Amino acid sequence: CLSDWSSDVCSSDLVRRATWLGEKGRITEGEAIYGSWLAKHPSFQMHHSYGRFLLELDRWSEARIQFDKALKIHRGFQIAHEGMGLSFSGLAAKSAEAGHARDAERHLRQAERYFKSAIHWAGVHDAPVARFYTSLGWFYLDQKRYVEALSSFESAIRADPEHFSNYWGKGLAL
């Protein structure tokens, strides 16, 4: 599998391997796996996976670039929109810590827009939306926007009443 880099089964194995390497602190090796694969087989799924890998490292700008590449290939890929929201949230926190309030506000507006677009595209694709309402709810909670957080968590609960964290988020928003 590793010698021909050609099957979808191999790509999921590589993502697992890169994730494992990242968890073990072997970041450079994990990045090399993504770099090698993307050089030969760029795909929206692999750009998204690499973006998630980078999110785990708090490398917000680099993650945003990978999610953007995924969306250039498949603009309706809702989990890449969610990834963009997470990236911009991280960039907002980083900007706020550095005392750059305007940049932080700009990043927060972008994050909210991408979380909402994830919900939109999930609806377009008739895919489950609860996850995206949950992400939006946590985003609003972080911003102390409790009414909007409550609404988001209630929407998530309607979409998936079995998911505990939505009730937890709702309770925090009240």
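The values are calculated or read from the model by the stated rules, or taken from the named source; none is laboratory data. Quick caveat, the model's predicted, so the values are computed rather than measured. Positions of Cβ are backbone-derived with ideal geometry, glycine not excepted, and every protein chain shown enters the neighbour counts. For accessibility, only protein heavy atoms count, side chains too; no ligands or nucleic acids. Shrake-Rupley method; radii C 1.70, N 1.55, O 1.52, S 1.80 Å.
Descriptive notes on the structure:
- Couplings 3J(HN,Hα) of segment 86-103, computed from phi: 5, 4, 5, 4, x, 5, 5, 4, 5, 5, 4, 4, 7, x, 9, 4, 5, 4 Hz, in residue order, whole Hz [Karplus 6.51 cos²θ - 1.76 cosθ + 1.60, θ = phi - 60°; x for Gly and Pro].
- Using a Förster distance of 35 Å, the FRET efficiency for Trp20-Leu174 (Cβ separation, nearest 0.05): 0.35
- Derived scalar couplings between HN and Hα for segment 34-40 equal 4, x, 5, 5, 5, 5, 9 Hz in order, rounded to whole Hz, by the Karplus curve 6.51 cos²θ - 1.76 cosθ + 1.60 (θ = phi - 60°), x for Gly and Pro.
- Note on Lys40/Ala98: beta-carbon distance plugged into 1/(1 + (r/R0)^6) with R0 of 22 Å gives a FRET efficiency of 0.05.
- Value of [θ]222 nm, deg cm²/dmol, for the chain, DSSP H segments ≥ 4, -39500 (n - 2.57) each, nearest 500: -26000 deg cm²/dmol
- Take the Cβ atoms of Glu105 and Tyr167, set R0 to 30 Å, and the FRET efficiency comes out at 0.45.
- Where Rh is the Kirkwood radius over Cα pairs, Rg/Rh for segment 42-137: 0.98
- When you count the other C-beta atoms within 10 angstrom of each residue and take the mean per peptide, 157-165, 11-19 line up highest first as 11-19, 157-165.
- In degrees, nearest ten, helix 164-173 long axis to first principal axis of the chain (Cα): 40 degrees
- Each residue of segment 140-149 is assigned a 3J(HN,Hα), and the resulting list reads 5, 4, 4, 8, 6, 9, 5, 5, 5, 4 Hz, derived from the Karplus form 6.51 cos²θ - 1.76 cosθ + 1.60 (θ = phi - 60°), x at Gly and Pro.
- Take segment 99-174 with all the other protein chains still there, run a 1.4 Å probe, and you get 60 Å² of accessible area per residue.
- Carbon-plus-sulfur accessible fraction, the chain (probe radius 1.4 Å, protein heavy atoms only): 54%.
- The chain: Lys pairs at Cα distance under 30 angstrom, eight or more positions apart or on different chains: 15
- Across all directions, the average projected area of the convex hull around the alpha carbons of segment 100-174 is 4.8 nm².
- Square roots of 5 times each gyration tensor eigenvalue, C-alpha, the chain, largest first, Å: 30, 19, 15
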